[in-house]
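As structure tokens, the structure follows; a few thoughts come after it.
No lab work stands behind these numbers, since they all come straight from the coordinates. Predicted model, so just to flag it, every value in this text is computed and none were measured. FYI the Cβ positions are ideal-geometry reconstructions off the backbone, even for glycines, and counts take in every protein chain you see.
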Amino acid sequence: MTPPVLDDYVWKHSSYFRPNIDILLVEATMILQLYDMGGSLSVENITQLALDVFQESWYCPLTTFSARMNNAAKLYTFLSNHCPALSKLWLIVETEVSPIESPSSTHLLRMLDVSDGLIDLDLRVQYAPGLSDRQRYLQRMYLQLQMNNIKGYADKIAGDFSQFLNTKESDPWPSPGEATLKYWKTRRPVAALVCLITKYESGRDIYSCKVEHSGTSAWLWVPVLNVNIACHKDASPVHK
């Protein structure tokens, strides 16, 4: 039986979970707790995993490099030991909470790979009605700042992962064993944003749409940035 705490979580967020198809989205420390709890949802069967590392302040400016690497080493070692079926690891780099908790929208959730940043994607900024030209300019400047921060976080994730694989004896964090190094030869963590796929260029009415039955172009709505990104129907973004 699934433990009561996990039962409550699944009841609130989804009706069921398919380990070979669905993406499990949890806070980084939760994956360790789920393993300790046991139950019918085994981490050994998970194929796609999305971890929110920012809720744990792993990549906040106040976290030291040594502490960050210690967290990364524990995470990557744990996954190599207990998640043999894992094929995709997403690390969520959002810098604020996004309003996507509605159960009616879970089938629209997608992960947007931001390892290379967002500059070359077809972005459409969503402005609030009645904004002046000056206010729109400031919104664009703030968006640029957010995009730069996201690229910086993505670079840190990639750099930390490389540093972990090349740990030296003098480094203060745990070094990976041979089995862990072999495991990560065919896998890489991917910096990502959580978004929703929709047939509308505007984020309005997004919860009622069914993209699979739409003959129109698809869009990715990124709540944390308040932008839409043109995408293909498989949710891969359109590049400029």
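How far, in nm, would the chain grow between A128 and V238 when pulled straight, counting 0.36 nm per residue and subtracting the alpha carbon separation? Please list the in-between numbers first.
Working: separation 110, 0.36 × 110 = 39.60 nm, distance 2.43 nm.
So the chain would gain 37.2 nm between A128 and V238.
Kindly put D120, D160, D171, D234 in sequence by how many other C-beta atoms sit within 10 Å of each C-beta, fewest to most. Intermediate results must be reported in sequence, preceding the final value.
Values: D120 11, D160 22, D171 15, D234 8.
Going from least to most buried by this count: D234, D120, D171, D160.
Residue separation times 0.36 nm, minus the C-alpha to C-alpha distance between T63 and M141: what's the value?
Values: separation 78, 0.36 × 78 = 28.08 nm, distance 2.65 nm.
Using 0.36 nm per residue and subtracting the Cα-Cα distance, I get 25.4 nm.
For the residues S132, S87, S175, what sequence is obtained by ranking on other C-beta atoms within 10 Å, fewest first? Walk me through the intermediate numbers first.
Values: S132 8, S87 12, S175 15.
So the residues, fewest neighbours to most, are S132, S87, S175.
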